[in-house]
Structures are given as C-alpha cells and as structure tokens.
Amino acid sequence: MSSATANHPVSGVWTGCGKVRAREAEGQFEIVVEGLTTQAKYYKPLIYEFFRKEWRGSRAAWGDFAVEIDMEHIGDPPWMDLDNLAKAILDAIKGYTFHDDSQVARLLVQRMPSERERIVVRVARLQT
C-alpha cells in the first residue's frame with residue numbers, strides 16, 4: 001500500500017453478512033470484523049472460518065505485501081496487545097491472501113477512536 005492508498009477503502013462487492021465480511025478490487029483486499037474483544041486469539045478462528053466457508057474470491061499469491069490493521073474503538077481502547085492482534089490476523093489470512101506471513105514486507109497496526117468497534121484489515125501487493 002502506498003501512502004496514496006492507505007486508509008482508503010477498497011471498492012468492490014462485499015462477501016459475507018455476519019461478523020466478518022471481505023471484498024477485493026484492483027489488487028487490494030479488505031476484511032472487516034465487527035465488534036471487539038480483548039482476546040486476540042478470538043479473531044483467528046473467526047476469520048479462518050469465514051474464508052473456509054464463504055470466500056470465493058482470489059487465492060493466495062506470491063510476492064511482497066503490505067498489511068494495515070486498524071482496531072477501531074469507542075471510548076477507551078480495549079486492553080489488548082496490538083502485536084498479538086497482528087499475529088492472530090496474519091495467521092488467519094495466510095493461505096488466502098498470501099502463502100506465508102513472511103511475505104509481509106510492510107505492517108502497520110494501530111488503534112483509533114471511531115463511531116463503531118471493529119477490526120479493519122487492508123492487504124495490498126507491493127509493486128517490485
């Protein structure tokens with residue numbers, strides 16, 4: 001993701017209508033998980049099951065990727081280590097967006113106040 005595409009939603013049709021939904025367009029991929037919990041390990045099986053049962057989009061690719069993970073919260077942020085959240089998310093999307101998390105060349109994980117509580121993940125292939 002270049003600074004020109006960071007924090008901009010991906011255009012495309014959403015797949016999923018429950019807690020997890022995703023879309024892709026123009027080499028970018030976006031996943032949204034509604035709600036927050038302090039247990040980062042909660043997200044891995046939730047996202048993995050979404051991909052296994054509902055996702056029919058593109059499959060994992062080779063090359064370098066940039067991943068941006070935003071934890072949006074209302075009020076005080078949840079008591080959660082962002083590094084644990086990143087690991088759970090990367091493990092969950094591995095095999096669906098990229099083959100191995102060693103392909104992540106750029107990673108940004110941040111928490112921010114918002115009008116809703118959710119996790120937003122954006123994945124983009126880096127140009128070489």
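FYI, it's all coordinate maths here, none of it is from the lab. None of the values given here were measured: they were computed from a predicted structure. A quick note on method: Cβ atoms are made from the backbone with ideal geometry, for glycine too, and the neighbour counts reach across all protein chains shown.
Sorted from largest down, what three extents in whole angstroms do the Cα atoms of the chain have along their principal axes?
39, 32, 26
Kindly express, to the nearest 10 degrees and within the range 0 to 90, the angle between helix 82-93's C-alpha long axis and the longest C-alpha principal axis of the chain.
Rounded to the nearest ten degrees, it is 40.
Given points 7 Å out from each Cα along the Cα-Cβ axis, report the Asp76 to Lys41 separation in nanometres with one decimal.
In this crude spin-label approximation the distance works out to 2.5 nm.
Against the longest alpha carbon principal axis of the chain, how many degrees, from 0 to 90 and to the nearest 10, is the axis of helix 43-53 turned?
Here the helix axis deviates by roughly 40 degrees.
Considering only DSSP beta bridges with both partners in segment 20-125, what is the antiparallel share in %, to the nearest 5? Don't skip to the end; give the middle numbers.
Details: 21 of 32 bridges.
Here the antiparallel bridges make up roughly 65 percent for segment 20-125.
Measure off 7 Å from each Cα along the Cα-to-Cβ vector at Met112 and Asp83, then give the distance between these two points in nanometres to one decimal.
Simple spin-label model gives 2.4 nm for this pair.
At 222 nm, what value in deg cm²/dmol follows for the chain if DSSP H runs of at least 4 each add -39500 (n - 2.57) and the sum is divided by all its residues, to the nearest 500?
Working: 2 runs with 23 residues, N = 128.
Dividing the helical sum by the residues of the chain leaves -5500 deg cm²/dmol.
Among the trypsin sites (Lys or Arg not before Pro) within segment 20-95, which fall in a DSSP loop and have no more than 14 other Cβ atoms within 10 Å of their own Cβ? Present the calculation step by step, with values, prior to reporting the outcome.
On the way: sites: Arg21, Arg23, Lys41, Arg52, Lys53, Arg56, Arg59, Lys87, Lys94; in loops: Arg56, Arg59.
Those that pass, being in a loop and sparsely packed, are Arg56, Arg59.
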